[in-house]
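Okay, structure first, notes after.
The values are calculated or read from the model by the stated rules, or taken from the named source; none is laboratory data. Every value quoted in this text rests on a predicted model; they were computed, and no experiment measured them. We place every Cβ from the backbone using ideal geometry, glycine too, and count neighbours over all the protein chains shown.
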Amino acid sequence: MSKLLIEDKEVVIPGQILAEGMDYLPSNGAIREGDNIISTSMGVVSLSGRLIKIIPLTKRYVPQIGDVVVGFVKDLTYSSWFIDIGYSNDAVLSMKDATSDFIERGADLTQYFSHGDYMVAKIANVTKTKAVDITMREPGLKKLYGGKIIEVNPARVPRIIGKQGSMIKIIKDSTGCMITVGQNGIIWLKGPDLKNELIATEAIMRINECSYTQGLTEQTEAFLKERTGGKQHGVHQEA
Amino acid sequence: MAYTKRLDGRKLDELRKVEAKVGVIKTAAGSAMFRMGNTIAYAAVRGPREVFPRSMAKPDTAVLRCYYDMMAFSGAGERVRPGPSRRSKEISMVTAKALEPVLDLTEFPKSGIDVFIELIQTDAGTRCAGICAAALALADAGFSMKDMVCAVAMGVIDGTVVADLDKAEEDYDKGPVADLAMAMLPRSGEVTLMQMDGEASQEHIIEAVELMKKSIKKIYEVQKKALLEKYGGVKDE
């Protein structure tokens with residue numbers, strides 16, 4: 001007879017026994033060991049039927065194909081750029097993935113991206129040995145000018161964006177900032193002035209600090225209203 | 001005369017006061033404090049990041065590197081020379097070996113994960129406190145782990161098996177003392193660290209391992225509570 005040892009939405013730690021017996025199946029963040037299902041990450045339990053999944057509350061970024069990330073140029077060669085995307089291995093941006101321009105042999109690549117330039121890019125490929133290729137040739141991917149960079153735990157990114165972008169929309173609307181949230185936990189934002197940039201930063205860091213609390217959208221809304229005086233910035237540039 | 005009454009009045013199987021806190025160093029990927037009586041260890045996890053020299057990197061997984069260090073003022077009065085020494089290098093190595101079996105680092109090939117362990121105050125049992133703190137810090141950073149790691153030292157003083165020696169007991173001079181530092185996985189009971197100073201009979205060591213199995217339950221509870229506290233999992237009752 002199988003026994004479930006945890007409830008739905010319960011916070012579990014790595015190594016905790018989640019269920020006994022063969023009736024349940026481990027999904028992401030859980031493994032089977034003998035008769036038991038064991039949690040392998042710090043997170044919240046999500047039960048769906050017989051499937052036990054752990055939604056992590058903290059994680060290190062592991063690139064996946066299709067992720068939109070924010071990164072910066074760490075180094076460049078004669079034909080490619082090395083981009084730091086917050087992963088242990090640098091991502092490679094090849095010449096054909098960087099621009100549709102014709103680049104002459106021996107041209108100076110810094111005219112496109114130079115050391116320290118930030119960009120929004122998409123993970124094009126991840127090989128078995130975790131070599132990462134990224135691309136810039138898709139709509140919405142671009143080089144970033146000005147603004148500021150903040151880093152959060154990648155596990156909090158879904159919370160910062162919210163359901164269908166609801167949370168990030170609240171922050172954008174009340175501060176007038178352009179915000180790009182990378183799946184790797186690196187966030188770029190640029191506002192109409194310093195004050196609004198700082199309010200947006202503070203709002204995002206609050207979500208990062210307490211992403212596991214309930215009713216976070218209302219809390220953030222109240223916080224922004226208090227700090228900006230309830231002023232809405234209306235139409236802002238798409239970021 | 002046998003050792004029947006402990007120097008600080010604890011029961012034979014009683015641990016010192018255990019405390020833990022997760023997320024104490026904001027700039028680290030994961031961090032934790034672990035306190036056992038007067039021994040206080042801080043651990044911070046950095047990475048995964050590039051490994052130098054490159055030849056150290058493994059093609060299929062990350063390398064776990066631990067750095068154990070006692071601070072200059074941490075000892076009983078004498079200045080402790082900080083930085084790598086014969087002793088701290090050995091403890092760094094056994095700490096990494098104690099933690100490696102629970103970690104799955106295949107998501108980060110060719111990279112390195114650094115765990116810095118600093119002891120700001122010491123009263124024996126430092127490698128054990130360091131391992132407990134490091135396990136918490138790695139869980140806080142979000143690495144995949146199949147179990148926690150709990151560590152505590154057992155001792156045989158003048159033929160009596162006791163739990164969690166402090167410095168005064170380690171230096172007990174009215175009889176022979178054996179100091180047995182162990183790390184154990186709380187779920188499976190596997191031993192990932194076992195080192196001993198001194199001499200003890202086979203029976204005493206078996207008795208000490210049995211006592212260890214009981215003692216780590218308390219340590220595991222403290223570690224679990226510390227992690228749940230940071231991540232909002234503590235229920236109001």
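Below is a table of values for the structure above.
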read-out: Hits in the stretch B:97-119 - residues which are touching a helix residue (DSSP H, G or I) at 6+ places or on another chain (Cβ under 9 Å), small (Gly, Ala, Ser) and either more than 24 Å from B:Val152 (Cβ to Cβ) or without any contact (Cβ under 8 Å) to a residue 60 or more places away in the chain (or both); value: B:Gly112
read-out: Strands (runs of 3 or more DSSP E) contained in the stretch B:1-104 and holding at least 3 residues more than 19 Å from the chain's Cα centre (by Cα); value: B:39-50
read-out: Residue in the stretch B:209-218 that is out of contact with any Gly (no Cβ under 8 Å at 6 or more places or on another chain) and within 14 Å of chain A (Cβ to nearest Cβ) present; value: yes
read-out: Near pairs, Cβ below 6 angstrom, 6+ apart or cross-chain, from the stretch B:219-233 (farther than 17 Å from B:Arg187 by Cα) to any residue that is among the aromatic types (Phe, Trp, Tyr); value: B:Tyr231/A:Tyr212; B:Gly232/A:Tyr212
read-out: Hits in the stretch A:64-104 - residues which are under 30 Å from B:Arg46 (Cα atoms), assigned to a loop (DSSP other than H, G, I, E, B) and of a type in the set (Val, Ile, Thr); value: A:Ile65, A:Thr77, A:Ile85
read-out: Any pair with Cβ under 7 angstrom, 6 or more apart, that starts in the stretch B:179-201 at a residue that is within 13 Å of chain A (Cβ to nearest Cβ) and farther than 25 Å from A:Ile13 by Cβ and ends at one that is surrounded by 15 or more Cβ atoms within 10 Å (Cβ to Cβ) and at pLDDT 95 or above; value: none
read-out: The stretch B:90-102, subset within 14 Å of chain A (Cβ to nearest Cβ) and buried (at least 22 other Cβ atoms within 10 Å of the Cβ), residue nearest to A:Lys59 (Cα to Cα); value: B:Val102
read-out: Sole exception among (1) surrounded by 13 or more Cβ atoms within 10 Å (Cβ to Cβ); (2) under 17 Å from the mean Cα position of the chain (by Cα); (3) assigned to a helix (DSSP H, G or I) for B:His204, by number; value: (2)
read-out: Qualifying residue in the stretch A:162-183 (condition: within 14 Å of another protein chain (Cβ to nearest Cβ) and either closer than 17 Å to A:Gly230 by Cα or of a type in the set (S, T, N, Q) (or both)); value: no
read-out: Within the stretch A:49-60, considering residues that are closer than 20 Å to B:Asp147 by Cβ and not hydrophobic (A, V, I, L, M, F, W, C), the one farthest from the other protein chains (Cβ to nearest Cβ); value: A:Lys53
read-out: Selection status of A:Ile55, modelled with pLDDT under 95, under 22 Å from the mean Cα position of the chain (by Cα) and of a type in the set (Val, Ile, Thr); value: yes
read-out: From B:Ala141, B:Ala133, B:Ala151, residue being within 14 Å of another protein chain (Cβ to nearest Cβ) and either surrounded by 17 or more Cβ atoms within 10 Å (Cβ to Cβ) or among the basic types (Lys, Arg) (or both); value: B:Ala141
read-out: Some residue of the stretch A:150-171 being in contact (Cβ under 8 Å) with a residue 24 or more places away in the chain, surrounded by fewer than 16 Cβ atoms within 10 Å (Cβ to Cβ), touching a helix residue (DSSP H, G or I) at 6+ places or on another chain (Cβ under 7 Å) and assigned to a helix (DSSP H, G or I); value: yes
read-out: Residue tally, condition hydrophobic (A, V, I, L, M, F, W, C) and within 10 Å of chain B (Cβ to nearest Cβ), over the stretch A:1-29; value: 4
read-out: Residues located in the stretch B:12-69, provided they are farther than 20 Å from B:Glu118 by Cβ, away from every other protein chain (no Cβ under 13 Å) and small (Gly, Ala, Ser); value: B:Ser55
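One line per residue, one yes/no per condition, for (1) within 11 Å of another protein chain (Cβ to nearest Cβ); (2) in a strand (DSSP E or B):
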residue	(1), (2)
A:Ser41	yes, no
A:Leu47	no, yes
A:Val62	yes, no
A:Gly106	no, no
A:Asn125	no, yes
